[in-house]
Amino acid sequence: MKRLHSFTGSLLLATSILARRVAFPMLSVGAGLVLGQPRAGASGVFTNTGTLAEARYEHTATLLPNGTVLVAGGIGFNSPVLASAELYDPASGTWAATGSLAAARFYHSATLLPNGKVLVAAGVSNEGPSGDLASAELYDPASGTWTATGSLGTARRLYTATLLLNGKVLVAGGQNGTTAFLASAELYDPASGTWTATGGLSTARREHKATLLPNGKVLVAGGLDNSGLSASAELYDPASGTWAATGSLATARHFHTATLLPNGKVLVAGGGGSGGALAIAELFDPASGIWTATNSLATGRYIPGATLLSDGTVLVAGGVDNNGSSLASAELYDPASGTWTATGSLATARVVHTATLLSDGKVLVAAGNDNNGGILASAELYGGPPPTPAQLLNISTRMRVLADDRVLIGGFIVTGSDPKKVIIRGMGPSLNGVGVTLSDPTLELHQPDGTVITNDNWKINDQTGQSQEADIRATTIPPTNDLESAIVTTLPPGNYTAILAGKNGGTGVGLVELYDLAQAANSKLANISSRGFVDTGDNVMIGGLIVGGGTGGTKVIVRAIGPSLTVNGTPVPGRLADPTLGLHDGSGTTLATNDNWKINDQTGQSQEADIRATTIPPTNDLESALIATLAPGNYTAIVRGKNNTTGVGLVEVYNLQ
């Protein structure tokens with residue numbers, strides 16, 4: 001069992017290795033088994049899976065946190081607009097009915113919110129100027145029901161909806177009625193269930209694409225504007241609520257694909273152009289704001305489906321060609337080489353279908369229109385590569401740093417066979433909005449052989465007395481204040497301890513961070529932990545972590561320790577008597593809480609068996625633990641003392657996969 005790095009808490013280092021047992025099943029070949037038949041979702045092959053109860057197109061498909069897929073709305077036989085919804089279960093390959101939308105709709109959007117619910121908004125209830133909807137609904141996977149939420153300020157269709165890093169949903173552009181193109185944009189706040197206007201696009205447009213960039217901004221590109229096909233692109237900044245022009249596409253297009261690649265660039269491919277279905281593809285670089293050509297698709301296609309696979313390649317399947325025929329062919333784009341290669345074809349040619357990446361790395365293609373304009377209920381699975389395991393990309397702990405044994409002490413283990421290059425930062429003066437900060441932090445790194453690397457001010461290497469500014473800046477994450485500390489070093493596998501203190505006994509809020517600078521190395525950061533004094537208010541223990549470096553979710557256990565803390569068998573003075581634990585996502589939404597580890601706070605039921613099955617349960621009933629499956633993203637764990645008590649505490653996170 002690999003350990004995920006723990007992020008807030010204590011000098012306590014876990015040194016035991018958690019074992020994972022792997023069973024190898026025996027396979028037998030018997031009568032009736034057809035050798036050579038493709039397995040469901042075999043790699044590079046499309047195979048049929050369960051059929052939807054209702055044929056449909058212009059529907060939405062959303063992967064839910066439990067791994068099932070919600071399909072909602074669309075257009076059915078004889079053009080009735082659908083309110084029905086269905087759930088696909090990858091385990092059984094079957095569909096089951098779930099609660100229906102209050103309002104039948106198509107050309108709508110469906111967005112998975114951080115709280116696990118699905119926001120369906122706007123769209124069209126029937127063709128014609130009066131058919132556009134402003135209403136919105138929330139689907140709750142726990143109950144299988146829909147409830148009304150706030151309505152948009154403007155009814156719209158053919159717009160984009162983007163989940164922002166702050167948990168809000170940005171809706172932009174589209175069309176109202178049969179002629180009016182929209183420049184307006186709105187924000188949905190899941191906390192209040194309301195929509196508010198935000199800055200409008202400089203160009204009214206529909207049938208464009210919107211992509212959330214790693215820096216939190218949103219790229220909108222292409223579409224149709226009031227003059228026809230558009231090549232223009234704009235960036236939305238959530239911090240200011242405004243749009244700014246960026247580089248334009250070389251080729252104007254609409255109904256194209258737009259995919260954020262692992263390298264941070266955006267791949268736009270296909271769509272409809274002035275001469276029909278396009279094969280041309282382009283790359284947007286957020287660093288320069290410029291589009292560059294990349295290799296073209298083998299087949300021009302309009303309204304295809306595009307899916308980023310777990311290995312970083314992009315699957316484009318189906319669509320319509322220049323003759324107006326639906327396509328069954330599919331192609332894979334490799335960002336490393338910038339080339340497209342043919343892959344297995346769909347069993348049924350289709351367009352205006354959905355393509356959803358499942359938790360196991362396969363792609364579910366559902367419904368749509370076939371080559372004869374018929375409406376499909378069939379679904380297929382594409383066998384993409386299995387998801388790559390996620391890992392911790394960085395970890396940090398922020399808390400009040402005191403003197404003596406109440407400094408901030410972090411421990412971590414490097415496992416594997418290769419050395420690991422890291423940067424450790426000690427921050428204080430640059431922290432904003434956290435009260436009195438550590439004015440001059442110092443940093444120590446204690447190594448397994450007993451040697452210590454120190455740093456006071458990051459631009460100077462304490463060991464040599466020479467400048468290390470160039471090395472620190474080369475990491476791209478130098479501290480912003482000269483009094484802050486940083487150490488860049490390459491560490492062989494082993495146990496390490498980092499200590500953040502105030503110079504000359506200074507106190508205040510400080511932050512210690514550890515970044516993995518060699519993610520490709522055959523080594524991992526494991527069992528990272530920090531120990532410190534848990535105060536009240538803003539001075540509780542706040543640990544942050546980023547899960548990434550893979551496409552699959554990772555199952556973790558998070559622990560908050562206090563009463564059982566010891567060093568060399570001696571109880572730590574002033575231990576936190578009764579810790580509580582909260583786990584939050586990047587938008588601040590609470591994912592789970594725990595007070596006493598044997599009881600699940602969310603259900604009120606016992607979780608003792610599940611926690612013990614991890615082999616690392618807390619040893620005191622008052623300590624906290626929770627198990628969660630985390631998708632790649634940003635997370636925060638907060639440790640407090642129950643009833644505002646204070647004391648020395650520890651928090652750890654272990655990867656259970």
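The values are calculated or read from the model by the stated rules, or taken from the named source; none is laboratory data. Since the structure is predicted, the reported quantities are computational estimates derived from the model, not experimental observations. With ideal geometry, Cβ positions are generated from the backbone for all residues, glycine too; neighbour counts draw on all protein chains shown. When the accessible area is computed, the model is the full protein with side chains, heavy atoms only, and any ligands, DNA or RNA have been set aside. Shrake-Rupley method; radii C 1.70, N 1.55, O 1.52, S 1.80 Å.
Could you calculate the FRET efficiency of residue 102 with residue 592 from 1/(1 + (r/R0)^6), where r is the beta carbon distance between them and R0 is 35 Å, rounded to 0.05? E(calc), rounded to 0.05, equals 0.70.
The label point for residue 476 and the one for residue 628, both projected 7 Å from the Cα toward the Cβ, are 2.6 nm apart. Each peptide among 188-194, 410-416, 561-567, 430-436 gets the average number of other Cβ atoms lying within 10 Å of its residues, and from highest to lowest they stand as 410-416, 561-567, 188-194, 430-436.
Karplus-based coupling profile of the stretch 574-583, in residue order and whole Hz: x, 5, 5, 6, 8, x, 10, 9, x, 10, with θ = phi - 60° in 6.51 cos²θ - 1.76 cosθ + 1.60 and x standing for Gly or Pro.
Among the lysines, which fall within straight-line cross-link reach of residue 524, defined as a Cα-Cα distance under 25 Å, with same-chain neighbours fewer than 8 residues apart omitted? Output for residue 524: 2, 420, 421, 555. No solvent, one uniform scatterer per C-alpha: report log10 I(q)/I(0) for the stretch 529-657 via the Debye equation at q = 0.11, 0.12, 0.13, 0.17 1/Å, two decimals. For the stretch 529-657, the Cα-only Debye profile gives -0.36, -0.43, -0.50, -0.86. Our summary gives the chain a relative contact order of 14 percent, counting only alpha carbon pairs under 8 angstrom and 6 or more residues apart.
Tell me whether the stretch 431-586 comes out rounded, prolate or oblate; compute the Cα gyration tensor, take square roots of the eigenvalues as a ≥ b ≥ c, and use a/c under 1.5 as the rounded threshold. Judged from the Cα gyration tensor, the stretch 431-586 comes out rounded (a/c under 1.5). Taking amide hydrogens as placed 1.01 Å from N in the peptide plane, the amide H of residue 517 sits under 5 Å from those of 421, 422, 423, each at least 5 positions away in sequence or on another chain.
When the Debye formula is applied to the Cα atoms of the stretch 167-222, each taken as the same point scatterer, what base-10 log of I(q)/I(0) results at q = 0.12, 0.15, 0.24, 0.31 Å⁻¹? So the normalised log intensities work out to -0.30, -0.46, -1.02, -1.25.
Per-residue Karplus couplings for the stretch 441-450, computed as 6.51 cos²θ - 1.76 cosθ + 1.60 with θ equal to phi - 60°, are listed in order as x, 10, 10, 10, 10, 8, 9, x, 7, x Hz, Gly and Pro entered as x. Solvent-accessible area assigned to carbon and sulfur over the chain amounts to 51 percent, based on a 1.4 Å probe. Report the calculated FRET efficiency for residue 360 and residue 610 (r = Cβ-Cβ distance, R0 = 22 Å), to the nearest 0.05. It comes to 0.50. Close amide H partners of residue 160, meaning residues 5 or more places away or on another chain with modelled amide H under 5 Å apart, are 172.
Remark: spin-label model distance residue 77-residue 239 equals 5.5 nm, labels positioned 7 Å along the Cα→Cβ axis. Other residues lying with their Cβ under 11 Å from the Cβ of residue 425 contribute a combined charge of -2, Lys and Arg counting +1, Asp and Glu -1.
Taking R0 as 56 Å, what FRET efficiency do you get between residue 94 and residue 449 from their Cβ-Cβ distance, rounded to the nearest 0.05? It comes to 0.45. Can you pull the percent of Cα pairs in the stretch 261-373 with separation above 26 Å? Tail of the P(r) past 26 Å holds 16 percent of the pairs.
Highest mean packing comes first when the peptides 649-655, 351-357, 218-224, 207-213 are listed by Cβ atoms within 10 Å, giving 649-655, 218-224, 351-357, 207-213.
Sequentially through the stretch 104-116, phi angles give Karplus couplings (6.51, -1.76, 1.60; θ = phi - 60°) of 4, 7, 9, 6, 9, 10, 9, 10, 6, 8, x, 7, x Hz, Gly and Pro residues having no value and appearing as x. Our summary gives the stretch 296-365 a relative contact order of 29 percent, counting only alpha carbon pairs under 8 angstrom and 6 or more residues apart. Under a 5 Å amide H cut-off, with hydrogens placed 1.01 Å from N, residue 109 pairs with 121 among residues at least 5 apart or on other chains. Over the stretch 243-306, what relative contact order in percent results from Cα pairs under 8 Å that are six or more residues apart? Contact order relative to length: 33 percent. Extension gain, residue 51 to residue 191, is 46.8 nm, computed as 0.36 nm per intervening residue step minus the present C-alpha separation.
Taking the average, over residues, of other Cβ atoms within 10 Å as the packing measure, peptides 453-461, 303-311 rank 303-311, 453-461 from highest down.
Taking every protein chain into account, the accessible area of the stretch 551-603 amounts to 40 square angstrom per residue (probe 1.4 Å).
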